[in-house]
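Trainee: To start, I am sharing the structure in question, which I have written as structure tokens.
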Amino acid sequence: LLPPDPNRLVILSTPSARAPRKDAAILKRIGSIAEPVEFKKLTLEETGNQISRNLAKANLTIEPKARQLFSEAVAGNRGAIENETAKLAAYKEPGSVVTVDDVRGMVAGYEVFVVFELAKDILGGDTVRVLKQIRSLLADGNGPTAILFHISKHFIELYLVKNGKPLESKRRWLAWKYRDQTSKIDNVRLERMIGMTARADASMRRIGVPP
């Protein structure tokens with residue numbers, strides 16, 4: 001940063017789910033020399049608007065339900081918005097409409113979002129919604145053991161976040177999304193659910209799934 005250069009741009013990024021402290025020494029030092037600009041996560045509405053703008057540049061429009069699903073999947077992450085809209089722009093013909101099926105097939109965060117919503121209903125005890133979502137996943141061609149694997153992984157990651165342990169690097173962006181769920185369950189129940197899913201997974205792989 002020294003000597004000061006008006007053409008120099010310094011970008012600080014962190015995989016942590018927590019916002020950096022404003023009184024951190026490095027931020028105070030940089031702030032005394034340069035003008036800090038903070039890029040916060042976008043709200044759901046802002047995310048949807050940015051998705052629409054990006055797609056419009058490629059002469060694409062998006063269905064309202066697809067836009068909602070897309071917005072929830074990328075969770076306000078600016079980089080993810082740019083990457084995933086670019087993928088859709090390369091995939092779709094100019095002048096066409098992005099559908100829910102396009103988002104399901106192309107957007108990387110969709111699978112995470114589906115499992116997240118399913119786990120939320122499991123923790124909330126909403127049996128009707130859980131069964132409805134599982135039937136929908138099965139109808140889409142997802143195998144029972146694959147569904148169970150992702151649910152089990154979700155609960156393991158919940159346990160890690162709840163106990164202050166880091167997620168694997170490519171999944172650390174999910175930590176902030178998990179925090180709301182961690183406040184609704186204790187370690188004893190989480191450990192029990194992890195054990196139950198592990199035993200169910202082992203049983204299905206060993207003896208198969210009953211018709």
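The values are calculated or read from the model by the stated rules, or taken from the named source; none is laboratory data. In this text, all values refer to a predicted model and were calculated from it rather than measured experimentally. Just so you know, the surface numbers come from the protein's heavy atoms only, side chains and all, with ligands and any DNA or RNA stripped out. Shrake-Rupley method; radii C 1.70, N 1.55, O 1.52, S 1.80 Å.
Trainee: Let me know the shape class of the chain, please: from the alpha-carbon gyration tensor, a ≥ b ≥ c as square roots of the eigenvalues, rounded when a/c is under 1.5, otherwise prolate if a/b is greater than b/c, or oblate.
Mentor: oblate
Trainee: Then there is this: Compute the acute angle (0 to 90°) between the alpha-carbon long axis of helix 187-207 and the principal axis of greatest extent of the alpha-carbon atoms of the chain; round to the nearest 10°.
Mentor: Once rounded, the angle reads 60 degrees.
Trainee: Next question. Can you give the helix-only mean residue ellipticity at 222 nm for the chain, where every DSSP H stretch with n ≥ 4 adds -39500 (n - 2.57) and the sum goes over all residues, rounded to the nearest 500 deg cm²/dmol?
Mentor: For the chain, the value works out to -19500 deg cm²/dmol.
Trainee: Ignoring ligands, DNA and RNA, how do TYR91, TYR178, TYR159 rank by accessible area with a 1.4 Å probe, largest first?
Mentor: Correct descending sequence by accessible area is TYR91, TYR159, TYR178.
Trainee: Which order do LEU55, LEU69 take by accessible area at a 1.4 Å probe, largest first?
Mentor: Sorted descending by solvent-accessible area, the residues read LEU69, LEU55.
Trainee: Now, a different point. Could you sort MET204, MET196 by accessible area so the largest value comes first, with the probe set to 1.4 Å?
Mentor: MET196, MET204
Trainee: Same structure again: When all protein chains stay in place, what accessible area (Å², nearest 10, 1.4 Å probe) is found for ILE51?
Mentor: 0 Å²
Trainee: Quote to one decimal, in nm, the extra length available between GLU93 and ALA146 on full extension: 0.36 nm per residue of separation minus the C-alpha distance between them.
Mentor: 15.8 nm
Trainee: May I pose another question? Multiply the residue separation of ARG199 and VAL37 by 0.36 nm, subtract the distance between their alpha-carbon atoms, and state the gained length in nm to one decimal.
Mentor: 53.4 nm
Trainee: How much accessible area per residue does the chain have, in Å², with a 1.4 Å probe?
Mentor: Averaged over the residues of the chain, the accessible area is 65 Å².
Trainee: Just need the relative contact order of the chain here, percent rounded to a whole number, with Cα pairs under 8 Å and 6+ apart.
Mentor: Computed value for the chain: 18 percent relative contact order.
Trainee: How much of ILE33 can a 1.4 Å solvent probe reach, expressed as accessible area in Å² and rounded to 10?
Mentor: 50 Å²
Trainee: What's the carbon and sulfur percent of the chain's accessible surface, probe 1.4 angstrom, rounded to a whole number?
Mentor: That share works out to 56 percent.
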